[in-house]
Amino acid sequence: MAQKPSIPKGTRDFNPEQVAKRNYIFSTIQNQFEKFGFQPIETPSFENSETLMGKYGDEGDRLIFKILNSGDYLSKVENSLFKEKDSNKITQIISEKALRYDLTVPFARYVVQHQNEIEFPFKRYQMQPVWRADRPQKGRFREFYQCDADVVGSTSLWQEVELVQLYDAVFTALGLNGTTIKINNRKILSGIAEVIGASDKLIDFTVALDKLDKIGEEKVKQEMLDKGISQSGIERLQPLFTLSGDFGSQIKELKAILNASEDGKKGIEELEFIDNAISELGLQTARLQLDVTLARGLNYYTGAIFEVAAPEGVNMGSIGGGGRYDDLTGIFGMKDMSGVGISFGLDRIYLVLEELDLFPVTVNKNIDVLFINFGDKEALYSLKAIKILRDKGFNTELYPDAAKMKKQMNHANKRNIPFVVLVGEQEMSKDAFTLKNMISGEQSEVTLDTLISTLT
RNA sequence: GUGGUUGUAGCUCAGUUGGUUAGAGCGCCUGAUUGUGGUUCAGGAGGUCGUCGGUUCGAGACCGAUCUUCCACCCCA
């Protein structure tokens, strides 16, 4: 016990059942991605540090896993730097690579690097693990999967409309009814900041506003004050705290607040466009909700901001997020390349489906039929039939050892195998098979043809 | 990164103010039943009590460190 091996904090092993369930989610998402015309790419699990560092804010930098250089990396560190004990400075010298933190920044790098081979607008999807050196909590891991769909090379708002539909399509296909797609717009946030004279404090302002439903109006105001936003500015925000009603009436109020801001008006226009289109097109199971307090992951979003909340009653952080970023490739030296994308948090979706018991029972199915092994002669006879069954598309298996019947039957039972075939001397002499239904317990001696038609 | 919390058999958990050989249920193995599983009955295996150190005549229990779990911040899928 003392030597029992373990895995790092925030990581997990997956057993066959879990992998089957995860694959079910992957393939459901992938199906919808492809239906919407996205194409897959993959990027390395680690990137050059400079590709990632500084793209997610200070907090993000802290959460990036750095990879130590190979060789005698300390020999390159100057003594003076060593004595300074400045972790950030030394990290830059001893670590030149880092594990990917999300899929969006590597994608931006990919677009810039391969710009001459890519046909724009480029719609790509990507389903790969990402790593964050965060403290684990429920639904928060240090290694988890994101499933991203992004479009680059088009500023058309129809993309946002399509992405809302994509969210709806995926969650509908997963049977996850009642999700809320929250939408906001960076331009509205910056417009509000402008109106209250806090343009330079946009991030602080939005981070505080984002907490409204969590910590309440008073604490949000206090946090804004602490961050240096003026009292008079905060007073001008008052209508925002009481904003309510449907999309249209919220828009109406926002128009009044943002009358003086060109940026803000543009944002409202964009939101209205998306809402009008979605109203016309309709959604299957999700609903689109304007949420002006939505302000996650703002470091690169410039237009629409999305976040998906699980159905009411499920205690889980957001299960998806995304937005429009006009300047992302700009950091890598490529101008005028607008992108918009959304992300699905596979691991959280898994937890939600598990909690609501929404995995189809068929997900667990492993094999269709198990042949009981009575000895070498019987095994050979069985394998001839098994070969045919496999060709017909049945997942078929022979128990490898001529173990006791009880053990073999028990094995079939525990693996939830629906049918068992028994072949002994009796059957061999008659060119027959005894097929047993493990659920009903019924069994009968049949020919291979009957066996196949029964299984079909 | 800050504050708190958890860890006893494969799993879920008991274990009194520190006191012999640490228990239960489920699961597992064997047999009743050498070509018939899920039910039943009988028997059996399995724990250096997360790890390391300390206090004590004596530690699963008390103290410290560390790892892990979960939670609240921070931030986020």
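The values are calculated or read from the model by the stated rules, or taken from the named source; none is laboratory data. The shown structure was predicted, so the numbers you read here are calculated from the model rather than taken from an experiment. When we count neighbours, we look across all protein chains shown, and the Cβ atoms used for this are built from the backbone with ideal geometry, even at glycine.
Kindly indicate which of A:Ala260, A:Ala256, A:Ala286 is surrounded by 12 or more Cβ atoms within 10 Å (Cβ to Cβ) and of a type outside the set (Lys, Arg).
Numbers: A:Ala260 fails: surrounded by 12 or more Cβ atoms within 10 Å (Cβ to Cβ); A:Ala256 fails: surrounded by 12 or more Cβ atoms within 10 Å (Cβ to Cβ).
Exactly one residue qualifies, and that residue is A:Ala286.
A:Asp376: at pLDDT below 95, more than 12 Å from RNA strand B (Cβ to nearest atom), surrounded by 13 or more Cβ atoms within 10 Å (Cβ to Cβ) and among the charged types (D, E, K, R), yes or no? Steps first, please.
Numbers: at pLDDT below 95: yes; more than 12 Å from RNA strand B (Cβ to nearest atom): yes; surrounded by 13 or more Cβ atoms within 10 Å (Cβ to Cβ): no; among the charged types (D, E, K, R): yes.
Here the answer is no, as A:Asp376 does not meet what is asked.
Please enumerate the residues belonging to region A:191-231 that are surrounded by 17 or more Cβ atoms within 10 Å (Cβ to Cβ), within 15 Å of RNA strand B (Cβ to nearest atom) and not in a helix (DSSP H, G or I).
Scanning region A:191-231 gives a single hit, A:Ile229.
Within region A:441-456, track down each residue that is touching a residue at least 24 places away in the same chain (Cβ under 8 Å) and under 15 Å from A:Gly424 (Cα atoms).
A:Leu448
A:Glu235 - would you say it is within 16 Å of RNA strand B (Cβ to nearest atom), part of a helix (DSSP H, G or I) and either on the phi < 0 side of the Ramachandran plot or of a type in the set (D, E, K, R) (or both)? Lay out the reasoning, then the answer.
Details: within 16 Å of RNA strand B (Cβ to nearest atom): no; part of a helix (DSSP H, G or I): yes; either on the phi < 0 side of the Ramachandran plot or of a type in the set (D, E, K, R) (or both): yes.
Against the criterion (within 16 Å of RNA strand B (Cβ to nearest atom), part of a helix (DSSP H, G or I) and either on the phi < 0 side of the Ramachandran plot or of a type in the set (D, E, K, R) (or both)), A:Glu235 does not qualify.
Output the residues belonging to region A:291-321 that are part of a strand (DSSP E or B) and either touching a Leu at 6+ places or on another chain (Cβ under 6 Å) or farther than 17 Å from A:Lys214 by Cα (or both). Can you show your working first?
Going through region A:291-321, the residues part of a strand (DSSP E or B) turn out to be A:304-309, A:320-321.
Matches in region A:291-321: A:Ala304, A:Ile305, A:Phe306, A:Glu307, A:Gly320, A:Gly321.
Please tell me if A:Ile319 is more than 27 Å from the chain's Cα centre (by Cα), among the β-branched types (Val, Ile, Thr) and either within 19 Å of A:Asp148 (Cβ to Cβ) or more than 15 Å from RNA strand B (Cβ to nearest atom) (or both). Walk me through it before giving the result.
Details: more than 27 Å from the chain's Cα centre (by Cα): no; among the β-branched types (Val, Ile, Thr): yes; either within 19 Å of A:Asp148 (Cβ to Cβ) or more than 15 Å from RNA strand B (Cβ to nearest atom) (or both): yes.
The answer is no for A:Ile319.
The conditions are (1) surrounded by 23 or more Cβ atoms within 10 Å (Cβ to Cβ); (2) in contact with a helix residue (DSSP H, G or I) (Cβ under 7 Å, 6 or more places away or on another chain), and A:Asp368 fails exactly one of them. Which is it?
All conditions are met except number (1).
Just checking, does region A:382-390 include any residue being surrounded by 14 or more Cβ atoms within 10 Å (Cβ to Cβ) and within 16 Å of RNA strand B (Cβ to nearest atom)?
yes
Condition check: within 8 Å of RNA strand B (Cβ to nearest atom), outside the structural domain of A:Arg124 (by TED's automatic domain parsing) and either closer than 30 Å to A:Val314 by Cβ or in contact with a Lys or Arg (Cβ under 6 Å, 6 or more places away or on another chain) (or both). Does A:Val361 satisfy that?
Values: within 8 Å of RNA strand B (Cβ to nearest atom): no; outside the structural domain of A:Arg124 (by TED's automatic domain parsing): yes; either closer than 30 Å to A:Val314 by Cβ or in contact with a Lys or Arg (Cβ under 6 Å, 6 or more places away or on another chain) (or both): yes.
Criteria not met by A:Val361.
Does A:Tyr350 count as crowded, with 19+ Cβ neighbours inside 10 Å, assigned by TED's automatic domain parsing to the domain that holds A:Gln146, within 13 Å of RNA strand B (Cβ to nearest atom) and assigned to a helix (DSSP H, G or I)? Quick ask: steps written out before the conclusion?
Numbers: crowded, with 19+ Cβ neighbours inside 10 Å: yes; assigned by TED's automatic domain parsing to the domain that holds A:Gln146: yes; within 13 Å of RNA strand B (Cβ to nearest atom): yes; assigned to a helix (DSSP H, G or I): yes.
Answer is yes for this residue.
Do you know which of the residues in region A:84-127 that are over 25 Å from A:Lys66 (Cα atoms) and of a type outside the set (D, E, K, R) is farthest from the chain's Cα centre (by Cα)?
So the first thing to find is which residues in region A:84-127 are over 25 Å from A:Lys66 (Cα atoms), and the list is A:114-125.
Filter once more, keeping what is of a type outside the set (D, E, K, R): A:114-116, A:118, A:120-122, A:125.
On the way: A:His114: 25, A:Gln115: 26, A:Asn116: 29, A:Ile118: 25, A:Phe120: 25, A:Pro121: 23, A:Phe122: 20, A:Tyr125: 11 Å.
Out of the qualifying residues, it is A:Asn116.
Going by the conditions given, is A:Arg135 under 15 Å from the mean Cα position of the chain (by Cα), over 18 Å from A:Gly320 (Cβ atoms) and assigned by TED's automatic domain parsing to the domain that holds A:Leu283?
Details: under 15 Å from the mean Cα position of the chain (by Cα): no; over 18 Å from A:Gly320 (Cβ atoms): yes; assigned by TED's automatic domain parsing to the domain that holds A:Leu283: yes.
The answer is no for A:Arg135.
Restricting attention to region A:31-89, which residues are over 19 Å from A:Gln126 (Cα atoms) and among the aliphatic types (A, V, I, L, M)?
Within region A:31-89, A:Met53, A:Leu63, A:Ile64, A:Ile67, A:Leu68, A:Leu74, A:Val77, A:Leu81 qualify.
Would you check if there is a residue in region A:133-143 being among the polar types (S, T, N, Q) and either within 16 Å of RNA strand B (Cβ to nearest atom) or at pLDDT below 95 (or both)?
Quick first cut of region A:133-143, residues among the polar types (S, T, N, Q) only: A:137.
Still in the list and also either within 16 Å of RNA strand B (Cβ to nearest atom) or at pLDDT below 95 (or both): A:137.
Yes, region A:133-143 contains a residue that is among the polar types (S, T, N, Q) and either within 16 Å of RNA strand B (Cβ to nearest atom) or at pLDDT below 95 (or both).
Can you tell me which of A:Ile25, A:Ile41 is surrounded by 12 or more Cβ atoms within 10 Å (Cβ to Cβ), under 15 Å from the mean Cα position of the chain (by Cα) and closer than 28 Å to A:Ile64 by Cβ? So that I can check it myself, show each step before the final result.
On the way: A:Ile41 fails: under 15 Å from the mean Cα position of the chain (by Cα).
Result of the check over A:Ile25, A:Ile41: A:Ile25.
From the list A:Ile268, A:Ile331, A:Ile278, which one is within 15 Å of A:Thr180 (Cα to Cα) and either outside any strand (DSSP E or B) or at pLDDT 90 or above (or both)? Outline the logic, then answer.
On the way: A:Ile268 fails: within 15 Å of A:Thr180 (Cα to Cα); A:Ile331 fails: within 15 Å of A:Thr180 (Cα to Cα).
Result of the check over A:Ile268, A:Ile331, A:Ile278: A:Ile278.
Do any strands (runs of 3 or more DSSP E) lying entirely in region A:407-451 carry at least 2 residues that are under 45 Å from the mean Cα position of the chain (by Cα) and more than 8 Å from RNA strand B (Cβ to nearest atom), and which ones are they?
The qualifying strands (runs of 3 or more DSSP E) are A:419-422.
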